[in-house]
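Read the structure below first, then the notes.
The values are calculated or read from the model by the stated rules, or taken from the named source; none is laboratory data. Just so we're clear, the structure is a prediction, and the values are computed from it rather than from any experiment. Neighbour counts are summed over all protein chains in view; Cβ atoms, including those assigned to glycine, are modelled from backbone coordinates with ideal geometry.
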Amino acid sequence: MKIPIVVATLVAGLGFLIYMALAQGSIPTYEVAEIAAPGFESHRDPAGAEPKPIRLEGFILSVEREGDPLQFTVIDQRKGIEATVRVESRAVKPDLFRPSAEITLEGTFDSAARLFTADKIWTKCPSKYQEIENADKFPTVKGYDKEGNPVQGATGIPPSRKS
Amino acid sequence: MKGFDLAGPFRNFGDLLRIDPLLAAGQGAMLGGLGLCLAIVLLCVTGIALRDRRFVRAARRGMYGMPVLLFVASAGLVHGFVAGVYDLKYIFEYSERAQTLPFKIAGLWAGLDGSLLFWALLVSIYAGLAARTGRRETPPARVRMEPYLYPVLAIVLGFFLVVTNFLANPFQVLGRAEIEGLVSQGRATLAASGAIADGSGLNPLLNNYWMLIHPPSLYVGFTGFTIPFAFAAAALLSGELGLYWIRATRAWTMIAWLFLTNGIILGGLWAYEVLGWGGYWAWDPVENASFLPWLTATAFLHTVMVVERRNMLKRWNMFLVLLTFFLTLFGTYLTRSGVVASVHSFSARTLGDCFFGFLAFIFAGGGALIALRSRELSSQYRIRSLVSREAAFLFNNLVLVAIAAAILLLTVWPTISANLLGRELSIGPPTYALVTTPLFAILVLLTAIGPGVGWVRSTPRLLKRNLLVPLFVAVGVVTLALLFWLVRKEPVSLYPPLLVGFATFAFGSAVSDFVRGVRARRATRPESRVRALGRLAVANNRRYGGYVSHIGFCLVVLGIVGSAFFREKQDVRLAIGETLPVAGGRYDLHYVGEFQGDTGVFTRDVQHFTVHRGERLVTELYPERRFYKKKDQWTTEVAIFRNRTSPLFDDLYVFFAGRDPSGGRNIFTIFHNPLINWIWVGWIVILAGGVFAALPMRRQRRVGLAE
């Protein structure tokens, strides 16, 4: 019977395809403290030319520069760990981007310059009653409305206004 | 078990009696529904033990009561939204006074707790309708299956009601301490009566008309698979493994499949029109979760024909039905438990364990039943030739299930790698595309070949007659496409010409079946072409409805190829007065100006563009950013120009990303998506074909059901 041969071929082919795809496309995820540790370097392919992208998870501590490139600092949110990493990005800024937002970045880390260059930025919608560790480290200004006036009860960055 | 609040429903009931009796009725009905589920199970078990049909009839009538009770529960909750009873945690979190009525009603499915009640309501409506098909006490197979059918339905419903009553209760009343906490945080204010004055409002991203149609359609699809599952389980339990269960199952699967197809594509359209990244499918776990049961249900709808025609593949079909239901629950588990991260994830809670347990129960129970009935399900026939209709169906199934397995593995890969390799490994859409594109290509090719091959075995003459013309047309189209690309010197990936070629082949194969059918009719009857086509289609509505869906599928493939392989993206910074050529000079985008506004709920920042083709003004576009004061959140409104007059059916898509603080320019992302509108056209065609195939037109079918 030929059916089992066809099935076996399909399964083998699929297995190989998935293996190749995962080997090629897997992007490791790191916490801020891991890449802030000395000696960390983005993985390079054998040719050593282009560093392979990694993901970085953390919270936005502060935004140093709005605009192009965007510059900000992310902090490790886990208890008892104090680590920050500077980030630079030309990616489109998500709507929920602001200090205290939980974010995931994809890009490369230059350990010499201690700078993460992000190609992609995602924000996570914080759940309502979530307690943020290290909350005391975040800026005391609570937020701004559209006119740039401080607002109570919210965190945020001033919306840039047309000059 | 942890997280369970066994006293919760009773406490809520007491509190709600003081607040609003209608809400108390809702909580009461939700708890009563759980009691009724238990009663139905007990009645059927007694009926089976005593061999007394009266208990089963009572259970059937009890099943009619389920939708009534859950309608009261849902209506009670909706009443709470409309009346603004913000002392309920769920209503406080997902609603506010300023919302319009439709969005207050949509609060029912806006969050986790309510969406599970909504899920239970839909299952109960299906269950009530399924129970009603038993009232004629015929055919005998249905009667013998009945004592097992209702307990299965009641257990599924009961599971959801245990969750909504004790674990994620939408009727939960905020305690005094919680209210004071919210007030002290400035998140709530109190009215003179001491009740919370206003809710915190729906997530602005959900404040969109798609919210009113996409989740209900998807849920009606998901929940619909409960009935095929119940029939399959009842057939296994009762040993009534003849043709009755499969016919009953097919009809219900068809309905659920239509709604699921609709829900999935609506979700894509929503993402496309709202999220601003120019695409409609991101391989997000929730999207995948809706796609998995679609794949297995599609597989079932194909091989069910093999069972009916040749009495083969019964075990496989049973497996597909159970798997489809399992995957609908598994998707819910994935996205409600926080096992995988997703943009859609509801907040992680103890729901995970509860769902996992139920999933394990379904998986183990279903597997054991199939194993027990394995001999009765095996068929006396074998597939004799690889070039036969049944083999084509089998291959189609293997590819569909392979796609589902691959997507499932990739979806849980971050979780697997985190646990097995000690490091979470993420994968992006390119990895999904790498794995699934070749499989989809094979699927499209099988869509072309399948309808052309005959049952049992095919002669070369038959294949030539059925497939030669479509094949020639397809080869012609591919050659033209390749020449076009070579002349324009665009980089040629192998997939676009291959996929378009296969889709053309499949399109031609479906159309040629219509042509042959009309010819055959006209050879023996004096009918006009139109009348022959109409009568042919009505007489064989399942077959020709199916082929219409194939044609729609080919159009969707065309749209996906266009938008996935030929999308152009530009990130630009523009100042007012500038003009930008886009889509390789096909359009000129002129930045006219901007204006601001305030609706009370949000402030608007609107940008104004005109689109020109040569000298001609084509349309005006208004991409926008909104700021929701209460939620302290920005959202964006994409502006899309749909070119309906060109066969390219392309979209010009302008996303207002923000303001550039370093200068007077604004940041935009502009996409050009060729052929994308064929996806939406294909969607309508698939649905039209599916509805036509699902209509009970043939008299024979009624006779067949009564056997």
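Is it true that some residue in segment B:446-457 is polar (S, T, N, Q) and assigned to a helix (DSSP H, G or I)?
Checking segment B:446-457: at least one residue is polar (S, T, N, Q) and assigned to a helix (DSSP H, G or I).
Considering only segment B:530-611, give the strands (runs of 3 or more DSSP E) lying wholly within it that have at least 2 residues that are charged (D, E, K, R).
Qualifying strands (runs of 3 or more DSSP E): B:568-574, B:587-598.
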Against the conditions (1) farther than 29 Å from B:Val548 by Cα; (2) more than 14 Å from chain A (Cβ to nearest Cβ), where does B:Arg665 fall short? Just the number, please.
(2)
Pick from segment B:266-304 the residues that are among the β-branched types (Val, Ile, Thr) and at pLDDT below 95: which of them is nearest to B:Pro430 (Cα to Cα)?
B:Val286
Just for segment B:422-445: of the residues that are facing another protein chain (nearest Cβ under 9 Å) and assigned to a loop (DSSP other than H, G, I, E, B), which one is farthest from A:Glu106 (Cα to Cα)?
B:Arg423
Filter segment A:51-96 down to the residues that are closer than 22 Å to B:Arg423 by Cα and either among the aromatic types (Phe, Trp, Tyr) or touching a Lys or Arg at 6+ places or on another chain (Cβ under 6 Å) (or both) and list them by number.
A:Pro51, A:Phe59
Please return the ranges of strands (runs of 3 or more DSSP E) entirely within segment A:1-117 where 3 or more residues are in contact (Cβ under 8 Å) with a residue 60 or more places away in the chain.
A:54-65, A:102-110
Residues being within 14 Å of A:Ala118 (Cα to Cα) and at pLDDT below 85: count how many of those fall in segment A:48-59.
2
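For segment B:56-174, give me every one of the helices (runs of 4 or more DSSP H) that falls completely inside it and has 3 or more residues that are β-branched (Val, Ile, Thr). Before the answer, list the steps.
On the way: elements: B:89-94, B:101-106, B:112-132, B:140-162.
Ranges flagged: B:140-162.
Would you confirm, using the coordinates I've provided, whether A:Glu147 is touching a Phe, Trp or Tyr at 6+ places or on another chain (Cβ under 7 Å) and either surrounded by fewer than 20 Cβ atoms within 10 Å (Cβ to Cβ) or at pLDDT 80 or above (or both)?
Details: touching a Phe, Trp or Tyr at 6+ places or on another chain (Cβ under 7 Å): no; either surrounded by fewer than 20 Cβ atoms within 10 Å (Cβ to Cβ) or at pLDDT 80 or above (or both): yes.
So A:Glu147 does not fit the description; no.
How about segment B:612-634: which of its residues are assigned to a strand (DSSP E or B), basic (Lys, Arg) and surrounded by fewer than 18 Cβ atoms within 10 Å (Cβ to Cβ)? If you could, list the steps in order and put the result at the bottom.
Step one: filter segment B:612-634 for residues assigned to a strand (DSSP E or B), giving B:612-613, B:616-621, B:624-628, B:633-634.
Now narrow it down to the ones that are basic (Lys, Arg): B:613, B:616, B:625-626.
Correct list: B:Arg613, B:Arg616.
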Report whether or not B:Ile442 is closer than 25 Å to B:Phe319 by Cβ, of a type in the set (Val, Ile, Thr) and out of contact with any Cys (no Cβ under 7 Å at 6 or more places or on another chain).
yes
Selection from segment B:659-678 of residues that are out of contact with any Pro (no Cβ under 8 Å at 6 or more places or on another chain) and either crowded, with 22+ Cβ neighbours inside 10 Å or over 23 Å from B:Arg604 (Cα atoms) (or both):
B:Asn666, B:Ile670, B:Phe671, B:His672, B:Asn673, B:Pro674, B:Leu675, B:Ile676, B:Asn677, B:Trp678
Of (1) under 22 Å from B:Val500 (Cα atoms); (2) surrounded by fewer than 19 Cβ atoms within 10 Å (Cβ to Cβ); (3) hydrophobic (A, V, I, L, M, F, W, C), B:Val456 satisfies all except one. Which?
(1)
Has segment B:386-405 got any residue that is closer than 23 Å to B:Asn466 by Cα, in a loop (DSSP other than H, G, I, E, B), in contact (Cβ under 8 Å) with a residue 12 or more places away in the chain and facing chain A (nearest Cβ under 10 Å)?
no
Condition (residue is touching a residue at least 12 places away in the same chain (Cβ under 8 Å), of a type in the set (D, E, K, R) and under 22 Å from B:Leu108 (Cα atoms)) applied to segment B:190-199: is it met by at least one residue?
yes
Can B:Thr579 be described as of a type in the set (S, T, N, Q) and surrounded by fewer than 16 Cβ atoms within 10 Å (Cβ to Cβ)?
yes
Has segment B:91-109 got at least one residue that is among the basic types (Lys, Arg) and either buried (at least 23 other Cβ atoms within 10 Å of the Cβ) or modelled with pLDDT under 90 (or both)?
yes
Could you look through segment A:1-14, keep only residues that are loosely packed, with under 13 Cβ neighbours inside 10 Å and not hydroxyl-bearing (Ser, Thr, Tyr), and pick out the one that is nearest to B:Leu408 (Cα to Cα)?
A:Ala12
Among residues of segment A:60-95 being within 17 Å of A:Thr117 (Cβ to Cβ) and among the acidic types (Asp, Glu), the residue farthest from the other protein chains (Cβ to nearest Cβ) is A:Glu88
Have a look at B:Leu420, B:Leu462, B:Leu471, B:Leu483 and point out the one that is under 26 Å from A:Pro28 (Cβ atoms) and among the hydrophobic types (A, V, I, L, M, F, W, C).
B:Leu420
Every residue in segment B:645-662 that is assigned to a loop (DSSP other than H, G, I, E, B) and either within 11 Å of chain A (Cβ to nearest Cβ) or farther than 20 Å from B:Gly584 by Cβ (or both), please.
B:Asp660, B:Pro661, B:Ser662
Within segment B:582-601, restricting to residues that are modelled with pLDDT under 90 and closer than 25 Å to A:Ala91 by Cβ, the one that is surrounded by the most Cβ atoms within 10 Å (Cβ to Cβ) is B:Ala583
Does B:Ala523 satisfy the condition of being outside any loop (DSSP other than H, G, I, E, B), among the small types (Gly, Ala, Ser) and farther than 17 Å from B:Trp678 by Cβ?
yes
All conditions in (1) without any contact (Cβ under 8 Å) to a residue 40 or more places away in the chain; (2) of a type outside the set (Gly, Ala, Ser); (3) at negative phi are true of B:Gln99 except (1)
